[in-house]
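Contents: one structure, followed by commentary.
What follows is calculated from the coordinates using simple rules that are stated; it is not laboratory data. What you are looking at is a predicted structure, and each value in this text was computed from that prediction instead of being measured. When we count neighbours, we look across all protein chains shown, and the Cβ atoms used for this are built from the backbone with ideal geometry, even at glycine.
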Amino acid sequence: MRIFLSPSTLLVALLGAGIVSESSTAEARVFQNAAPRSVLDSSALSRPAFDPPVQIAQLGFSVRQSRPVRNRIGGITRGGQACSPDGATVVRLLPLVPPTDPTAVEQGKINIEPTVSEQPMVFVYVPQTVARQAQFSVAIATDTPSGRTVEETLYEYRLPLPQQPSVIGIPLRPLDEGRLYRWVFQLQCDPTGDRSGDALTDGWLQRVAPNSSLSLRLNRATPQELPALYARSGLWQDTITSLGTLRAATPGDAALLADWASLLTSIRLDDLANVPLLFPPVESRSLQE
């Protein structure tokens, strides 16, 4: 079954969740078309080495020093020359997540991002590419008594890509508390259908229950207060989701733009602060009926 989620549908869903206020939707627009001050390519963008927690005045977000990890799947987060405009430069996708601890990287592992939200978003930077479409899939992971991890893909999205470098926001379906999920974002570049040379990246999410103190504060908070509240709690996925949602509704808000820049600076991605933030419509296909 295929389901199309338009930008307006996304905002309606966010309204129902109480994340976006109804008064803001009149001026809401989902595609921000202003070109960034500098066009970034994958060869010029690299994440600096992991540093101790950095606190930013506007949001106060700091990267947790201790985060759970999982083994990285072989071949994931690869670049793709087939996706490059010149056919030679490697195109590297970049998830907007805190850097993985160097020790975990050496062990071939990747951090799990906890979330207390039922429907967080995933954000990925897509540099200049010939790809006009991407595929996004979500799988649920289960550990077996033998120590193996079994993954079952739940659904896939197909979404159009803009012509300019952009940060893409992708809404997820509801997550079950306590379950572990892996998402994969892959460009579709080769016209013959050969996906082996396409650029892709992935990440892990786990929905956790907030403690009683945080739960009480979340229930009392306005949508505008949520990013700072999540940031102070060290919940990255919830911080960027709540802030990205506000930006989708009021993309020209100077205060939100400043918060967005400070948030990306806290994870050493300040070069992306002025890159357009887009929420393309997605075509959804369930793999479990």
Run the simple label-point estimate for S286 and Q81 please: 7 Å along Cα→C-beta, distance reported in nm.
4.3 nm
In whole Å, what are the extents of the stretch 241-284 along the principal axes defined by its C-alpha atoms, from largest to smallest?
32, 20, 17
Which three extents, in whole angstrom, do the alpha-carbon atoms of the stretch 132-211 cover along their principal axes, largest first?
42, 32, 17
Checking the stretch 90-165 for trypsin sites (Lys or Arg not before Pro) in a loop per DSSP with at most 10 other beta-carbon atoms within 10 Å yields R148
Within 10 Å of each candidate Cβ there may be at most 13 other Cβ atoms; applying that plus a DSSP loop requirement, which GluC sites (Glu not before Pro) in the stretch 144-194 survive?
E177
At 7 Å along the Cα-to-beta-carbon direction for both E225 and R179, put a label point, then send me their distance in nm to one decimal.
3.2 nm
Mean projected area in nm² (Cα convex hull; one quarter of hull surface) for the stretch 84-178
8.2 nm²
Between Rg and the Kirkwood Rh of the stretch 87-126, both from Cα atoms, what is the Rg to Rh ratio?
1.07
According to a simple spin-label model (label point 7 Å from Cα along Cα-to-Cβ), what is the distance in nm between V208 and D143?
1.4 nm
Looking at the stretch 131-289, what % of its DSSP beta bridges pair antiparallel, to the nearest 5?
95 percent
Can you figure out the FRET efficiency of T153 with Q133, using R₀ = 22 Å and their beta-carbon distance, to the nearest 0.05?
0.75
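Looking at the P(r) of the stretch 145-285, how many percent of alpha-carbon pairs lie beyond 21 Å?
On the way: 5432 of 9870 pairs.
Roughly 55 percent, once rounded to a whole number.
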If you wrap a convex hull around the Cα atoms of the stretch 199-255, how much volume per residue is inside, in Å³?
112 Å³
